[in-house]
Amino acid sequence: MNILVTGGAGYIGTHTCVALLEAGYSVIVADNLSNSNIQALDKIKEIAQKELIFYQVDVTDEKSVDKIFTNHEIDGVIHFAGLKAVGESVEKPLAYYHNNIVSTMILVRACQNYKVKRFVFSSSATVYGDNNVPFKENMSLLPTTNPYGETKAMSERILTDTVKATPGFSVALLRYFNPVGAHESGLIGEAPNGIPNNLMPYVTQVAKGKLEKLKVFGNDYRTIDGTGVRDYIHVLDLAEGHVAALNNLIEGTHIYNLGTGRGTSVLELVKAFEEANGIEVPYEIVERRTGDIASCYADASKAKRELGWTAKRDIIAMCRDAWRFEKNYKEFVETV
Ligand code: NAD
Ligand code: WQD
């Protein structure tokens, strides 16, 4: 089966390409490399010991997308391509709405035109807003505080409405919690540009000495130790979740939380990182970050029940693998 993976050169996309190739799928990647590096594709091939096809295209360009569907018999689409920086989305709302919404519409239209029946979409736990934890798929969504989150909620809506009007079309809306970690090989992982917005890459850069100390955004939340609680999920578990979703896709719209179901506070994550890697991570407590919520973790039972998928890797493995990639990545960058 040929799977078109948009954004396949990115953080979650690369790991999913490896998982797809290992599961026997053929992979066609469409990525404009706006937030990734062409070398990532060689790393995928090196890990999986298999080939893939790559198109350097922008998936908001209908003609380019059409060409891929003409050249290949596509059996399913996994749509990762998107802009994902929450803060930047507040500064540049139009860029986010354009990139994230138009890409979804163009890909779904291509699926209709070429009779492709399977579509897997990268959604986010951010669509739950400040609901009560644990978040369940059937909860009413609350408004998010930024355009990025809105693009995910809108894309979900576009896909749901299209399914209703398209007999035989199957869509999985996968709501990721907080993906962290990297492939055990250390060859692929998360390499954000500039100062990281997210906790784990910030921690690894402090551990490396690139940043002086972690700023912990608030210790007065109603959580176990006052710091924010999140459901960190190893990116390899997340990748395997996509294969499970693809394997089990049936007609209709199906929403799945991809998380572990366990919450970890910022300070617990720092402690786990220190324990896993034997490195101290200096930190200071600062003001809360605008837009943050106290707690966010999944009820992950639906994916287990319907897809037979659960996250297997614990927080220690996430910290160990994130650090291994950070070290390797440094060496890689220094040699090019
Ligand atoms: P990423 O930035 O590493 O990967 C996205 C990839 O898409 C990049 O390689 C980028 O070059 C490409 N891309 C962006 N716009 C494109 C376009 N118009 N045409 C072609 N390629 C384009 O991000 P990621 O962390 O791997 O996230 C993948 C998806 O998962 C995104 O849709 C993101 O919103 C979603 N998501 C991510 C997280 C997270 O914390 N990483 C959480 C929830 C959901
Ligand atoms: C985690 C915890 C922070 C950085 C974001 C997006 C979400 C999703 C995943 C895409 C929070 C604290 C962080 C730091 C800190 N992405 N923190 N110091 O905010 O849960 O989710 O990424 O869909 O949409 O909003 O993740 O890693 O930024 O923060 O104390 O330097 O770490 O306050 O409690 P978040 P995060």
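The values are calculated or read from the model by the stated rules, or taken from the named source; none is laboratory data. Values in this document were obtained by computation on a predicted structure and should not be read as measured data. Neighbour counts are summed over all protein chains in view; Cβ atoms, including those assigned to glycine, are modelled from backbone coordinates with ideal geometry. Ligands, DNA and RNA are stripped out before the accessible areas are found, and what is left, the full protein with its side chains, is counted by its heavy atoms. Shrake-Rupley method; radii C 1.70, N 1.55, O 1.52, S 1.80 Å.
Comparison of Lys215, Lys210 shows that the only residue that is surrounded by fewer than 21 Cβ atoms within 10 Å (Cβ to Cβ), in a strand (DSSP E or B) and over 17 Å from the mean Cα position of the chain (by Cα) is Lys215.
Glu73 meets all of the listed conditions (1) touching a residue at least 60 places away in the same chain (Cβ under 8 Å); (2) more than 16 Å from ligand 2 (Cβ to nearest atom); (3) within 24 Å of Gly252 (Cβ to Cβ); (4) in contact with a helix residue (DSSP H, G or I) (Cβ under 9 Å, 6 or more places away or on another chain) but one, namely (4).
Please indicate, with yes or no, whether at least one residue in the range 74-84 is basic (Lys, Arg) and under 24 Å from Asn146 (Cα atoms). Reasoning before the result, please.
Within the range 74-84, the subset basic (Lys, Arg) is 84.
The next check asks that each one be under 24 Å from Asn146 (Cα atoms); those that pass are 84.
The answer is yes; a qualifying residue exists.
For the range 7-48, the set of residues classified as part of a strand (DSSP E or B) and either within 16 Å of ligand 2 (Cβ to nearest atom) or surrounded by fewer than 19 Cβ atoms within 10 Å (Cβ to Cβ) (or both) consists of Ser26 only. Residues of the range 76-112 that are closer than 22 Å to His254 by Cα and without any contact (Cβ under 8 Å) to a residue 60 or more places away in the chain: Asn100, Ile101, Val102, Thr104, Met105, Ile106, Val108, Arg109, Ala110, Cys111, Gln112. In this structure, Ala95 does not satisfy being buried (at least 18 other Cβ atoms within 10 Å of the Cβ) and either within 10 Å of ligand 1 (Cβ to nearest atom) or assigned to a helix (DSSP H, G or I) (or both). Scanning the range 165-190 for residues that are open to solvent by 20 Å² or more (accessible area, probe 1.4 Å), in contact (Cβ under 8 Å) with a residue 60 or more places away in the chain and either in a helix (DSSP H, G or I) or among the small types (Gly, Ala, Ser) (or both) gives Gly168, Ser185.
Every residue in the range 67-86 that is assigned to a helix (DSSP H, G or I) and surrounded by fewer than 16 Cβ atoms within 10 Å (Cβ to Cβ), please.
First pass over the range 67-86, keeping only residues assigned to a helix (DSSP H, G or I): 67-71, 86.
Lys67, Thr70, Asn71, listed by residue number.
Against the test of being more than 23 Å from Val127 (Cβ to Cβ) and within 16 Å of ligand 1 (Cβ to nearest atom), the options Val266, Val203, Val235 yield a single qualifying residue, Val203.
Of all the listed residues (Ser64, Ser155, Ser122), the sole one being surrounded by fewer than 23 Cβ atoms within 10 Å (Cβ to Cβ) and either within 22 Å of the chain's Cα centre (by Cα) or modelled with pLDDT of 95 or more (or both) is Ser64.
Taking the conditions (1) closer than 18 Å to Ser122 by Cα; (2) of a type outside the set (Lys, Arg); (3) surrounded by fewer than 16 Cβ atoms within 10 Å (Cβ to Cβ) in turn, Leu258 satisfies each one other than (3).
Find the residue count for the range 218-253, including only residues that are within 15 Å of the chain's Cα centre (by Cα) and open to solvent by 20 Å² or more (accessible area, probe 1.4 Å).
The first filter runs over the range 218-253 and keeps only residues within 15 Å of the chain's Cα centre (by Cα), leaving 230-243, 245.
So of that shortlist, the ones also open to solvent by 20 Å² or more (accessible area, probe 1.4 Å) come out as 230, 240.
Within the range 218-253, residues that are within 15 Å of the chain's Cα centre (by Cα) and open to solvent by 20 Å² or more (accessible area, probe 1.4 Å) number 2.
Filtered by the rule that a residue be under 15 Å from Val59 (Cα atoms) and within 15 Å of ligand 2 (Cβ to nearest atom), the range 84-99 gives Tyr96, Asn99.
To keep it simple, each residue is scored yes or no on (1) at pLDDT below 95; (2) assigned to a helix (DSSP H, G or I); (3) not basic (Lys, Arg).
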site	(1), (2), (3)
Ile250	no, no, yes
Ala272	no, yes, yes
Ile279	no, no, yes
Arg324	no, yes, no
Glu334	yes, yes, yes
